[in-house]
Amino acid sequence: MPDKNNQNNSEGASGGIIRRVLNANPDLLVRALSAVILAPVALALTWAGGFWFAGLVLVGMLIVYWEWYKIILQNTQRPVVLLGYLFLLFIGFSYFQAQPLWIAGALIAGAAVLYGAGGFDRTARWVSEGYVYAGLTFVSLLALREGDEGLFFIIYLFLVVWGTDIAAYVCGRSFGGPKLWPAVSPNKTWSGAIGGVVFSSLLGMGFVAVAGGSQLVWAFGLAVVLSAVSQLGDLFESSMKRRFKVKDSSRLIPGHGGLLDRVDGLVAAAVFAYVVGVVFGGQLFDPNAGLMLFAS
């Protein structure tokens with residue numbers, strides 16, 4: 001018969017470990033619950049594509065802009081920032097009308113109006129840059145999803161970015177070592193950054209192989225760059241929050257902070273992938289042909 005004392009001791013030890021983890025991370029359960037609720041919804045809308053994914057990205061664009069200027073302005077009021085919403089909605093309209101010149105014009109005009117109406121000062125410049133950031137978020141993510149083999153590429157992108165985040169955390173905690181950029185993000189290490197790149201690149205290449213792609217070396221190389229870019233995007237947002245003495249971009253997602261805190265790496269990687277796709281022969285509304293992950 002099993003020793004009840006040993007069994008009780010084992011259960012007590014397990015319970016002690018759980019309590020220590022929860023004490024060290026008091027918002028862990030809230031974070032987990034938020035992820036369990038929101039992640040399946042986002043993935044389902046991504047899988048559905050079309051109107052559903054467009055609506056998701058449109059709402060995300062507006063939230064990103066809101067969080068960005070809230071970081072910059074904090075408790076000050078500048079009603080002129082509301083003009084940014086009108087320009088962003090026009091970008092959405094222009095995209096669905098397949099008018100690239102309208103989109104480019106709205107990006108330039110909106111940034112100029114926000115900068116000028118804000119008084120051409122440093123704060124106005126930051127707000128206008130946030131507007132461009134939000135607009136590029138919408139265009140790049142939607143074009144990548146709706147382009148040729150869009151579902152496969154967006155899953156590849158998600159795997160690379162999420163794989164980077166997870167592996168960087170695990171490797172950083174496991175191996176430690178020199179800090180990546182202590183003045184901006186004290187917890188990030190070079191071991192985490194390298195581990196994130198290696199793991200996510202193998203994961204991305206593996207997905208392309210399973211999905212039937214033949215350009216495996218290119219898939220690995222592209223993932224290496226996208227992983228690095230996503231980490232730079234994360235560091236950029238961290239530096240911006242540190243500059244303006246803000247912990248989270250908002251409190252929109254319980255336990256996680258704001259949407260911008262969760263998608264900074266994804267946005268950077270998506271915009272980079274979009275530019276690469278267009279430069280290498282893709283179209284403005286279908287950059288995936290230039291990315292060549294599924295070329296024969």
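Take region 27-152, drop everything but the C-alpha atoms, weight them equally and run the Debye formula without solvent; then report log10 I(q)/I(0) at 0.09, 0.12 Å⁻¹ to two decimals.
-0.30, -0.52
Dividing the Cα radius of gyration by the Kirkwood radius, what Rg/Rh value follows for region 99-253?
1.04
Probe of 1.4 angstrom, ligands and nucleic acids ignored: what's the accessible area per residue over the chain, in square angstrom?
53 Å²
What does the charge count around Ile154 come to, taking other residues whose C-beta lies under 15 Å from its C-beta (Lys +1, Arg +1, Asp -1, Glu -1)?
-3
Using amide H atoms built 1.01 Å from N in the peptide plane, name the residues 5+ places from Trp181, or on other chains, whose amide H lies under 5 Å from its own.
Placed amide hydrogens put Lys188 under 5 Å from Trp181.
Starting from region 217-248, pick out the trypsin sites (Lys or Arg not before Pro) whose DSSP state is loop and whose Cβ has at most 13 other Cβ atoms within 10 Å.
The qualifying sites are Lys245, Lys247.
For the chain, what is the charge dipole size about the Cα centre, in debye to the nearest 20, if Lys and Arg each add +1 at the Cβ and Asp and Glu each add -1 at the Cβ?
Roughly 1000 debye, rounded to the nearest 20.
Taking a virtual spin label 7 Å from the Cα of Glu129 along the C-beta vector, which residues in region 258-276 bring their backbone nitrogen under 19 Å of it?
Label zone hits: 260-272.
Which value results for Rg/Rh of region 247-296 when Rg is the Cα radius of gyration and Rh the Kirkwood radius based on the inverse mean 1/r?
Radius of gyration relative to Kirkwood radius: 1.24.
Using a 10 Å cut-off on Cβ atoms, rank the peptides 259-270, 51-62 from the highest mean neighbour count down.
The peptides rank, most packed first, as 259-270, 51-62.
How would you order 248-255, 98-105 from highest to lowest mean count of nearby Cβ atoms within 10 Å?
Going by the mean number of other Cβ atoms within 10 Å, highest first, we get 248-255, 98-105.
Once label points are set 7 Å from the Cα along Cα→Cβ at both Gln74 and Val170, what is their separation, rounded to one decimal in nm?
Computed distance between label sites Gln74 and Val170 equals 3.9 nm.
Can you tell me the dipole magnitude for region 172-296 around its Cα centre, using point charges on the Cβ only (Lys, Arg +1; Asp, Glu -1), in Debye to the nearest 20?
With only Lys, Arg, Asp and Glu charged at Cβ, the dipole is about 620 debye.
At a 1.4 Å probe, what is the % contribution of carbon and sulfur to the accessible area of the chain?
Carbon and sulfur: 68 percent of the exposed surface of the chain.
List the lysines whose Cα sits under 28 Å from the Cα of Lys70, skipping any in the same chain fewer than 8 residues away.
Lys188, Lys241, Lys245, Lys247
What label, among [x] 71, 43, 34; [y] 62, 47, 42; [z] 77, 55, 37, belongs to Cα extents along the principal axes in Å computed from the structure on display?
It is the value labelled [z].
Heavy atoms only, probe 1.4 angstrom, no DNA, RNA or ligands counted: give me Glu149, Glu67 ranked by accessible area, highest first.
These residues rank, largest area first, as Glu149, Glu67.
Could you pull the accessible area for Leu136 with a 1.4 Å probe, rounded to 10 Å²?
About 70 Å², ignoring ligands and nucleic acids.
Which net charge results for the neighbourhood of Asp248, defined as the other residues with beta-carbon distances under 11 angstrom from its beta-carbon, given Lys and Arg at +1 and Asp and Glu at -1?
That works out to +2.
Run the paramagnetic zone check for Asn187: 7 angstrom along Cα to Cβ, then residues of region 153-178 with backbone nitrogen under 18 Å.
Within reach of a label on Asn187, which here means backbone N under 18 Å from a point 7 Å along Cα→Cβ, region 153-178 contributes 162-178.
Quick one: angle between helix 100-117 and the longest Cα principal axis of the chain, in degrees between 0 and 90, rounded to 10, please.
Tilt relative to the chain: about 90 degrees.
Once amide H atoms are placed 1.01 Å from N in the peptide plane, what residues at a sequence separation of 5 or more from Gln283, or on another chain, have their amide H within under 5 Å of its amide H?
Those lying under 5 Å, H to H, from Gln283 are Asn288, Ala289, Gly290.
Convex hull volume of the Cα atoms in region 81-158, per residue, in Å³?
Hull volume over Cα atoms, normalised by residue count, gives 80 Å³.
The values are calculated or read from the model by the stated rules, or taken from the named source; none is laboratory data. Since this is a predicted model, take the numbers as computed values, not measurements. Cβ: placed from backbone, ideal geometry, glycine included. Neighbour counts: every protein chain shown. The accessibility values were calculated without ligands, DNA or RNA, using every heavy atom of the protein model including side chains. Shrake-Rupley method; radii C 1.70, N 1.55, O 1.52, S 1.80 Å.
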